[in-house]
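The values are calculated or read from the model by the stated rules, or taken from the named source; none is laboratory data. What you are looking at is a predicted structure, and each value in this text was computed from that prediction instead of being measured. Cβ atoms come from the backbone with ideal geometry, glycine included; neighbour counts cover every protein chain shown. SASA here: full protein model, heavy atoms, side chains in, ligands and nucleic acids out. Shrake-Rupley method; radii C 1.70, N 1.55, O 1.52, S 1.80 Å.
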Amino acid sequence: MNRTFSNIKTIAKRELASYFNSPVAYIFLIIFLVLTAFFTFNVSAFFERNEASLSSFFTWHPWLYLVLVPAIGMRQWAEERRSGTIEMLFTLPVTAAQAIFGKFFAGWIFLGLALILTFPMVITVNYLGNPDNGVILTGYIGSFLVAGVYLAITILTSAFTRSQIVSFITSVVICLFLVLAGWPPVTRVLPPWLDSIVAKFSVMPHYQTLQRGMVDVQDLFFFVSVMAFALFATGVVLRSRRAG
Amino acid sequence: MIQVQNLVKWYGPLLAVDDVSFDVQKGEVLGFLGPNGAGKSTTMRMITGFLPASSGTVHVENLDISEHGTQARAQIGYLPENAPAYPEMSVQAFLEFIADIHLLQGKARDKAIERVMEICHLSNIRHQTIDTLSKGYRRRTCLAQSMLADSPNLVLDEPTEGLDPNQKREVRKLIRNMAHDKAIILSTHILEEVQAICDRLIIIDQGKLICNGTPDELCRRSSDAGTVTVGVKTQDSDQIRAKLEAISGVKNVTVLTKDQETATLTLQPSASDETRFQLADAVAEKLSEENLTYNELHTSTGSLETFFQEVTVSETEQENAA
Ligand SMILES: Nc1ncnc2c1ncn2[C@@H]1O[C@H](COP(=O)(O)OP(=O)(O)O)[C@@H](O)[C@H]1O
Ligand SMILES: [Mg+2]
C-alpha cells in the first residue's frame, strides 16, 4: 500500500515537473486564461447582463476544454512510446496502474491549477454584487470534473499511438461527441428515442446540474465512472501493446 | 540469478525467439552475442518483464517474472536498447526519480545517486538536460539508472553501442568491476568485447540458441583452432610443404610467405576432436628428424570471429536464400 502511494506520487511529481519544464504548460495557462476572459466578457457580455453570477464564465468551459485538455494529455503515453521510455518505466518496480494514475493525477492537478488561476473572476463578481458562492463552488467542481473526464479520454487515446497528433484529434472527436450528445441544439433535432440513448453519454446534463448549484450523487457517479473506465481501458491497451 | 526456460516469442507470424533456455549465476558475466535481428533485445525484454513471453518462464532470484512482476523487477537493473531517458529532465532529476521509484530516502538516496554519478562520470553534467547530452553521456546516464538500486541482476542491451573507444574501455572495466557480486547479462555484436569481459557466452541466431560456453571453449570449436603455423629456414618452400604434408594428421599445408631464407607455412589438422591440438608436436619432431631449423611454431587456439561466422547465417546469405 505504502509502495503504491509512493510510486503514484513519484510518477505524478515527475509528470507535473515535465509540464513545467516545457513551454506547453505556460502556453496552456495563458491561452486558457485569455480565452476564458474573452468568452466571458466579450462573447457572453458579462457586464451587460447585470447578474452577480459566473454562469457566463462556466458555460464556455466544456467547449474550451475540448482543445485545451487534449493538448495537455496527448503526450502522456504517446511520448513514452515514441521515445522508448515506456520500456524503462515498465521495467522499474512500478505497476501499470500506478503509472497511469500518477500521470492522470499530474494532468488533473495541472488543470486544477489553471482553474485556480481564474480566481480574479470570483473576486470580480463578489466585488460587483452578491453572488451565491455555493453555486460558484459547485460550478468549479463541475468544471474540474469535466476536465478530468476529457483528460482520462485523452490518456486512453494516447495509449494507442506513438503520435501525439493522432491522440489529440481522436480525443477531440470523442470529447466533442460527449458534449454534443447532450447539447440542446443537437438533441432537439434528434428523434426522442435516439436522444434518450445518446444523452446518457453526454457530460452536459451532469455539468449543467452542478452549474445550477445542485450536487447529485448520480452526476458525480457519471463523471467518476467515465474516468475510471477510460483509465482502466488505458491499462488494458498498454498491457497488450507495450512494444508496438 | 536469472533462469530462463524454453522462452518463445511470436510477433504475429514472426518467431523472434525460439525455445531459448539458459541461466546466469551471481558472479558471472554472460555475453549475449548474435547478428542484428537475432532476438537478443526481445529475449531481454522478456527477462525484464517488459514483454510477456508467448511461452516459457523467466525466474529472477527464484521469482517468476509473470507472477511476481514488481518484486522480480525490483531485483533487476536494466539498460534498454538505445538508452531511453526522459529528454526534458536533468541528469540529476532523472536519477532522483529512479531513486524515488526504488523507495530510497534521505542519505541512502543521496549516496546511491552520488555513487552512480561517480562511477559513470556524470558529476560534471548533472544539471544538463538529457536531450542536450552526447550519445555517450546519455548511454552512461541510462547505465547509471540501471545501477542505481544496486540490484543483484543487471541486464544490459548493447551497453557500449555508440561510445568512443575510450568510453567503451571504461564501461567494460566498470562492468567487470561489478561482476563479482552480480549476475550480469549483456548483449553485443562486438566480438572483442565478449572476450574482454564475459565469463560465458551465448550465441543466438534467428531466435535460436546456437551455443553456450566460455569464450575459450567456443574458440576451440572454430575451424581454425588447431591450425599450426611454422616458420622454417629453407630456400625451397615447396619441398618443405611436401614433407609437412606427409605428417599423419595433416589435412593440407599452405605457404603463407616466403623469402630468401625462411618460409612460413600453415598446417590444417585433419582431426576435428581434441587430438588436433597435438599437431605441433608432430611437426617439431618431423622438422628435427629432417635437421631443419625453425624460428616459429605455434598452434592457433581458434578465433571467436571465425566461429561466429561459421555458426550464424549472415544477412546476405539470408537474402540469397529468400
Ligand atoms: N515490436 C516488434 N514487432 C514485430 N517484430 C519485432 C518487434 N521487435 C522486434 N521484432 C523483430 O524480431 C526480430 C528480433 O529482433 P530483436 O530482438 O530486436 O533482435 P536483436 O536485438 O538481436 O537485434 C527481428 O526480426 C525484428 O524485426
Ligand atoms: Mg537489439
#### Entry: Residue count, the range B:138-186 (criterion: over 20 Å from B:Ser41 (Cβ atoms), within 14 Å of chain A (Cβ to nearest Cβ) and of a type in the set (D, E, K, R))
1
#### Entry: Contacts under 6 angstrom Cβ, first residue in the range A:11-29 being at the interface with another protein chain (Cβ under 7 Å from one of its Cβ atoms), partner among the charged types (D, E, K, R) and open to solvent by 10 Å² or more (accessible area, probe 1.4 Å), 6 or more apart
A:Ser18/B:Glu88; A:Asn21/B:Glu88; A:Ser22/B:Glu88
### Message
Give me the residue from the range B:25-39 that is open to solvent by 10 Å² or more (accessible area, probe 1.4 Å) and either more than 6 Å from ligand 1 (Cβ to nearest atom) or not small (Gly, Ala, Ser) (or both) and, out of that set, nearest to the other protein chains (Cβ to nearest Cβ).
### Response
B:Asn36
### Query
Given the residues A:Phe168, A:Phe144, A:Phe201, which is the only one that is open to solvent by 50 Å² or more (accessible area, probe 1.4 Å), closer than 28 Å to A:Ile86 by Cβ and in contact (Cβ under 8 Å) with a residue 24 or more places away in the chain?
A:Phe168
### Message
Quick test of your reading of the structure: B:Arg45 fulfils all but one of (1) more than 16 Å from ligand 1 (Cβ to nearest atom); (2) at pLDDT 90 or above; (3) within 14 Å of chain A (Cβ to nearest Cβ). Name the failing condition by number.
### Response
(1)
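Output the residues belonging to the range B:1-24 that are open to solvent by 10 Å² or more (accessible area, probe 1.4 Å) and of a type in the set (A, V, I, L, M, F, W, C).
B:Met1, B:Val8, B:Trp10, B:Leu14, B:Leu15, B:Ala16, B:Phe22
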### Extreme residue, farthest from ligand 1 (Cβ to nearest atom), among residues of the range B:114-146 that are surrounded by fewer than 15 Cβ atoms within 10 Å (Cβ to Cβ) and not in a helix (DSSP H, G or I)
B:His127
### Summary
A:Ile136: passes all of (1) at pLDDT 90 or above; (2) touching a helix residue (DSSP H, G or I) at 6+ places or on another chain (Cβ under 7 Å) but (1)
### Query
So which residues in the range A:80-100 are more than 9 Å from chain B (Cβ to nearest Cβ) and open to solvent by 20 Å² or more (accessible area, probe 1.4 Å), if there are any at all?
A:Arg82, A:Ala97
### Message
Tally up the residues in the range A:116-150 that are under 20 Å from A:Trp63 (Cβ atoms) and either under 11 Å from the mean Cα position of the chain (by Cα) or of a type in the set (Asp, Glu) (or both), please.
### Response
9
### Query
Here is a list of conditions, (1) surrounded by 17 or more Cβ atoms within 10 Å (Cβ to Cβ); (2) under 22 Å from B:Glu192 (Cα atoms); (3) within 16 Å of ligand 2 (Cβ to nearest atom), and B:Phe50 meets all of them except one; can you say which number that is?
(2)
### Summary
Within the range B:206-217, residues being over 12 Å from the mean Cα position of the chain (by Cα) and open to solvent by less than 10 Å² (accessible area, probe 1.4 Å) number 2
## Note on the structure
Among residues of the range B:147-161 being under 16 Å from the mean Cα position of the chain (by Cα) and either aliphatic (A, V, I, L, M) or open to solvent by 10 Å² or more (accessible area, probe 1.4 Å) (or both), the residue farthest from ligand 2 (Cβ to nearest atom) is B:Leu154
### Task
Filter the range B:162-179 down to the residues that are crowded, with 18+ Cβ neighbours inside 10 Å and over 21 Å from B:Met1 (Cα atoms), then identify the one that is farthest from ligand 1 (Cβ to nearest atom).
B:Glu170
### Query
When the range B:84-110 is examined, which residues are found to be open to solvent by 20 Å² or more (accessible area, probe 1.4 Å), more than 7 Å from chain A (Cβ to nearest Cβ) and more than 16 Å from A:Ala12 (Cα to Cα)?
B:Ser90, B:Gln92, B:Leu104, B:Gln105, B:Gly106, B:Lys107, B:Ala108, B:Arg109, B:Asp110
### Query
For the range B:53-70, which residues satisfy the criterion of being surrounded by fewer than 18 Cβ atoms within 10 Å (Cβ to Cβ), over 22 Å from A:Arg241 (Cα atoms) and either within 16 Å of ligand 2 (Cβ to nearest atom) or within 13 Å of chain A (Cβ to nearest Cβ) (or both)?
B:Leu63
### Task
Inspect the range A:183-196 for any residue being under 21 Å from A:Ala147 (Cβ atoms), in contact with a helix residue (DSSP H, G or I) (Cβ under 6 Å, 6 or more places away or on another chain) and touching a residue at least 12 places away in the same chain (Cβ under 8 Å) and give the result as yes or no.
yes
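Taking strands (runs of 3 or more DSSP E) that do not extend beyond the range B:218-322, which have at least 3 residues that are open to solvent by 40 Å² or more (accessible area, probe 1.4 Å)?
Working: elements: B:228-233, B:250-258, B:262-269, B:294-299.
By residue number, B:250-258, B:294-299.
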### Task
Pick out, from the range A:164-244, the helices (runs of 4 or more DSSP H) lying fully within it that include 3 or more residues that are in contact with a His (Cβ under 9 Å, 6 or more places away or on another chain).
A:217-240
### Task
Would you check if there is a residue in the range B:153-160 being modelled with pLDDT under 95, charged (D, E, K, R) and not in a strand (DSSP E or B)?
yes
### Query
Within the range B:207-216, is even one residue touching a residue at least 40 places away in the same chain (Cβ under 8 Å) and either of a type in the set (A, V, I, L, M) or in contact with a Lys or Arg (Cβ under 6 Å, 6 or more places away or on another chain) (or both)?
yes
